[in-house]
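Enquirer: Handing you a structure now.
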Amino acid sequence: MAAVRRYDILDTPPDGAYDRVAALAARLFEVPVATVTIVDEDRIWFKATHGLEGVTEIGRDPGLCASAVLTDDPTVIPDTLVDPIACSNPLVAGPMGVRFYAAAPIITADGYRLGTVNVLDTRPREISEADSATLADLAAVVRDQLELRLSALHVVRAEQERRKVEQDKRQAEEEARQRAERDKTAIAAFASTLQRTLVPPALPAVPGLELACHYQTASPQEVGGDFYDVFPVDGGRWAFFLGDVCGKGAEAASVTSLTRYTLRAAALVDADPTAALKALNTALLLDAAVGTRFCTAIFGLLDPAPDGGFTVTLATGGHPPAYHLSPTEDGGVRVEAVRAKGGMLVGAFAEAAFASRTLHLAPGQGLLLYTDGLTEARTADGDMLADTGLTDFLAQRSATVGAGRLIDDTVALLDTLPDTERDDVALLALSVPAPDAAPAGITTTAHSAAAPTADASVGQENRRP
Amino acid sequence: MTDAFHIDVPHTDGTLAVIALSGEFDITTAPAVRARALELIAAGHPDLVADLAGVTFCDSSGLGALVGIWRCAKDADGSLALAAIPDRLGRLLSVTGMDTFLPAHPSADAALAAGQGRTTA
């Protein structure tokens, strides 16, 4: 039966080749009926019929086909009525009144008998050995036909299988592409959200101080490693910090978060800037996931002074110097780099020491903090702006050292530089308005390359009287 | 403007190895330097001398690699010394306080002569 299934021939539509075999058998044996049958479990199915139109299958009653398929040799029943088994077969006993039956089994190459080629007559008759051999040959023709059909079937199925595999593959690729596209969008959205949580949305209003900032990432895809913050400590004192985490991307961003929260928390325990950097150093070295990540940072403490200015204590951890700007009597600007000798990278060495310096930020004076994205920006001739380029720029500005103008001018300077290999840039400026100047205000100029509204000259600006 | 970056190991001797860098030592090249140095440490040369004579630019990623190498060398009971530091890089090492931890020598030969690159820092 498995062999029958293998050839997959049952219940297939009529096929010219088998019909011709049936017609040929009828003509050769001069009989009214000839058939090609396949023997199924519970029926005998007619693959081809000649002289028996309309009949597609019969039961497996013994005596004729059902018996003939059980032997390798042709079966010949010259007169069915004298055959003890065939005489009761419905084809014999029924209206057809078959009297003569001869059949040859269809035997596959591996010895399975699938069915028979049959000739039937309503009159008894004898056939010769040669006729039996002819019948066996016809069965062999059917066998060959089935083999051919099977091999063709194999080819077609293999082709269908191949096409299906290809189609599945194309579909999988398309799905992967769409998924990647969705992931990319999701990641960009996530990075943008994360960035918003990393960058303070606006600076606080500090009485008697003008504040301005600028923040720009190298690309919208990158979560920046630059950070800054300004926050109240106690008794009218304020703290601020600005820094740069070594590296880029998500790992740097996690260090940026850790750094900001650690510095804020540390300042509430001990507002001393050196102590805050020490706490950060310990936190970064303790955090195993952070590995060899470290940062440079400046941490400052603002203490209101009687003259309306502030006493500023600045501690530096391996960060480029801040610039203290003060107007000179001749209308120029004095630019002084605020260096604290001995400040080291934060989070790199357990033994790191941090140094601080105290300065007086008098009314009319300003302080600029920046990350190395500014000093390492390339000028048109390919050199870096460097400390000298920055100090020259600061010294050549007009006497006004207001934080808002300072940031606007510095951003304008950056915008004149070629945009290649631009790193993250964070700028923070603090200034004490001169007594005779316009009312003190807070300028928050937040620029972000990642924000769709980014505009180098406007960004977000709040001036509060 | 971009110089091809090279890492050479011109000298090894016992636990010592000189690793010479040239070109821009930045975010794109730092991982290779770190990897090469860790290979040397793993191969039994934890006392490293980084010859920086050919370094034209070094950013925070370059510094990061040096710190990482210094830590790994220390973990392997070794050391990291710097040789022939270009001016700008020298200022960077000073600003970041790294010069306190990483001994500097005028040349790789001088570093080798000065106590086989070993430091007690």
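Enquirer: I'd like to check something: does the range A:166-188 contain any residue that is within 24 Å of the chain's Cα centre (by Cα), under 28 Å from A:A239 (Cα atoms) and modelled with pLDDT under 85?
Expert: So far as the range A:166-188 goes, no, none of its residues is within 24 Å of the chain's Cα centre (by Cα), under 28 Å from A:A239 (Cα atoms) and modelled with pLDDT under 85.
Enquirer: Something else: So in the range B:69-95, with the set limited to residues that are touching a Ser or Thr at 6+ places or on another chain (Cβ under 7 Å) and surrounded by fewer than 23 Cβ atoms within 10 Å (Cβ to Cβ), which one is nearest to the other protein chains (Cβ to nearest Cβ)?
Expert: Among residues in the range B:69-95 that are touching a Ser or Thr at 6+ places or on another chain (Cβ under 7 Å) and surrounded by fewer than 23 Cβ atoms within 10 Å (Cβ to Cβ), the one nearest to the other protein chains (Cβ to nearest Cβ) is B:R71.
Enquirer: Here's another thing I want to ask about it. Being at pLDDT 90 or above, surrounded by 15 or more Cβ atoms within 10 Å (Cβ to Cβ) and out of contact with any His (no Cβ under 8 Å at 6 or more places or on another chain) is the filter here; which residues of the range A:282-316 pass it?
Expert: A:F299, A:G300, A:L301, A:L302, A:D303, A:P304, A:G308, A:T313, A:L314, A:A315, A:T316 - these are the residues of the range A:282-316 that are at pLDDT 90 or above, surrounded by 15 or more Cβ atoms within 10 Å (Cβ to Cβ) and out of contact with any His (no Cβ under 8 Å at 6 or more places or on another chain).
Enquirer: Being at pLDDT 90 or above and over 22 Å from A:Y370 (Cα atoms) is the requirement here; does A:P273 meet it?
Expert: Against the criterion (at pLDDT 90 or above and over 22 Å from A:Y370 (Cα atoms)), A:P273 does not qualify.
Enquirer: Could you identify the single residue in A:A265, A:A275, A:A283 that is over 17 Å from A:D244 (Cα atoms), within 38 Å of the chain's Cα centre (by Cα) and part of a helix (DSSP H, G or I)?
Expert: Going through A:A265, A:A275, A:A283 in turn, just one is over 17 Å from A:D244 (Cα atoms), within 38 Å of the chain's Cα centre (by Cα) and part of a helix (DSSP H, G or I): A:A265.
Enquirer: Let me ask something additional. Are any residues in the range A:44-90 more than 60 Å from the chain's Cα centre (by Cα) and among the β-branched types (V, I, T), and if so, which ones?
Expert: Hits for the range A:44-90 are A:T49, A:V55, A:I58, A:V69, A:T71, A:T75, A:V76, A:I77, A:T80, A:V82, A:I85.
Enquirer: Please pick out the residue among A:G404, A:G342 that is within 13 Å of chain B (Cβ to nearest Cβ), closer than 24 Å to A:T313 by Cα and either without any contact (Cβ under 8 Å) to a residue 24 or more places away in the chain or of a type in the set (G, A, S) (or both).
Expert: So the residue among A:G404, A:G342 that is within 13 Å of chain B (Cβ to nearest Cβ), closer than 24 Å to A:T313 by Cα and either without any contact (Cβ under 8 Å) to a residue 24 or more places away in the chain or of a type in the set (G, A, S) (or both) is A:G342.
Enquirer: Filter the range A:402-449 down to the residues that are assigned to a loop (DSSP other than H, G, I, E, B) and at pLDDT 90 or above and list them by number.
Expert: Result: A:V432, A:P433.
Enquirer: Which is surrounded by fewer than 13 Cβ atoms within 10 Å (Cβ to Cβ) and either at pLDDT below 90 or more than 15 Å from A:H50 (Cβ to Cβ) (or both), of A:A140, A:A109, A:A136, A:A104?
Expert: One residue alone meets the criteria, A:A109.
Enquirer: On to the next question. Is it the case that the range A:195-216 has a residue that's without any contact (Cβ under 8 Å) to a residue 24 or more places away in the chain, more than 30 Å from A:A429 (Cβ to Cβ) and either touching a helix residue (DSSP H, G or I) at 6+ places or on another chain (Cβ under 6 Å) or not in a loop (DSSP other than H, G, I, E, B) (or both)?
Expert: Scanning the range A:195-216, I find no residue that is without any contact (Cβ under 8 Å) to a residue 24 or more places away in the chain, more than 30 Å from A:A429 (Cβ to Cβ) and either touching a helix residue (DSSP H, G or I) at 6+ places or on another chain (Cβ under 6 Å) or not in a loop (DSSP other than H, G, I, E, B) (or both), so the answer is no.
Enquirer: Shifting gears a bit: Can you list the strands (runs of 3 or more DSSP E) lying wholly within the range A:64-169 that have 2 or more residues being out of contact with any Gly (no Cβ under 7 Å at 6 or more places or on another chain) and among the polar types (S, T, N, Q)?
Expert: A:113-121
Enquirer: Got a number for residues in the range A:355-395 being free of Cβ contacts under 8 Å to residues at least 24 places away in the same chain and either more than 13 Å from chain B (Cβ to nearest Cβ) or not acidic (D, E) (or both)?
Expert: Going through the range A:355-395 one residue at a time, the tally reaches 7.
Enquirer: Also: What number of residues in the range A:87-124 are of a type in the set (F, W, Y) and under 28 Å from A:L150 (Cβ atoms)?
Expert: The qualifying residues number 1.
Enquirer: Do you know which residues across the range A:329-364 are in contact with a helix residue (DSSP H, G or I) (Cβ under 6 Å, 6 or more places away or on another chain) and outside any loop (DSSP other than H, G, I, E, B)?
Expert: Selection gives A:V333, A:V335, A:V346, A:S356.
Enquirer: Go through the range B:96-116 and give me each residue that's over 20 Å from B:H45 (Cβ atoms), within 14 Å of chain A (Cβ to nearest Cβ) and part of a loop (DSSP other than H, G, I, E, B).
Expert: If the condition is that a residue be over 20 Å from B:H45 (Cβ atoms), within 14 Å of chain A (Cβ to nearest Cβ) and part of a loop (DSSP other than H, G, I, E, B), then B:T96, B:G97 are the ones that fit.
Enquirer: Which numbered condition trips up A:L367, out of (1) touching a strand residue (DSSP E or B) at 6+ places or on another chain (Cβ under 7 Å); (2) in a loop (DSSP other than H, G, I, E, B)?
Expert: (2)
A quick yes/no check of all residues on (1) assigned by TED's automatic domain parsing to the domain that holds A:E30; (2) touching a residue at least 40 places away in the same chain (Cβ under 8 Å); (3) within 20 Å of A:I44 (Cβ to Cβ); (4) acidic (D, E):
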{"site": "A:A68", "(1), (2), (3), (4)": "yes, yes, yes, no"}
{"site": "A:P78", "(1), (2), (3), (4)": "yes, yes, no, no"}
{"site": "A:V82", "(1), (2), (3), (4)": "yes, no, no, no"}
{"site": "A:L120", "(1), (2), (3), (4)": "yes, yes, yes, no"}
{"site": "A:S128", "(1), (2), (3), (4)": "yes, no, no, no"}
{"site": "A:L135", "(1), (2), (3), (4)": "yes, yes, yes, no"}
{"site": "A:R143", "(1), (2), (3), (4)": "yes, no, yes, no"}
{"site": "A:L148", "(1), (2), (3), (4)": "yes, no, no, no"}
{"site": "A:R170", "(1), (2), (3), (4)": "no, no, no, no"}
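Enquirer: Considering only residues that are within 14 Å of chain A (Cβ to nearest Cβ) and surrounded by fewer than 23 Cβ atoms within 10 Å (Cβ to Cβ), look in the range B:45-61 and name the one that is nearest to B:I27 (Cα to Cα).
Expert: B:S61
Enquirer: If you take the residues of the range A:292-321 that are out of contact with any Ser or Thr (no Cβ under 7 Å at 6 or more places or on another chain), over 25 Å from A:A434 (Cα atoms) and not in a strand (DSSP E or B), which of them is nearest to the other protein chains (Cβ to nearest Cβ)?
Expert: This residue is A:T292.
Enquirer: Also: Any residue at all in the range A:151-164 that is within 30 Å of A:G111 (Cα to Cα), in contact with a strand residue (DSSP E or B) (Cβ under 8 Å, 6 or more places away or on another chain) and in contact (Cβ under 8 Å) with a residue 40 or more places away in the chain?
Expert: Within the range A:151-164, none of the residues are within 30 Å of A:G111 (Cα to Cα), in contact with a strand residue (DSSP E or B) (Cβ under 8 Å, 6 or more places away or on another chain) and in contact (Cβ under 8 Å) with a residue 40 or more places away in the chain.
Enquirer: Which count do you get for residues in the range A:25-68 that are farther than 23 Å from A:R123 by Cβ and among the aromatic types (F, W, Y)?
Expert: 1
The values are calculated or read from the model by the stated rules, or taken from the named source; none is laboratory data. For clarity, every value in this text was computed on a predicted model and none was experimentally measured. Glycine also receives a Cβ, built like all others from the backbone with ideal geometry; neighbour counts cover every protein chain displayed.
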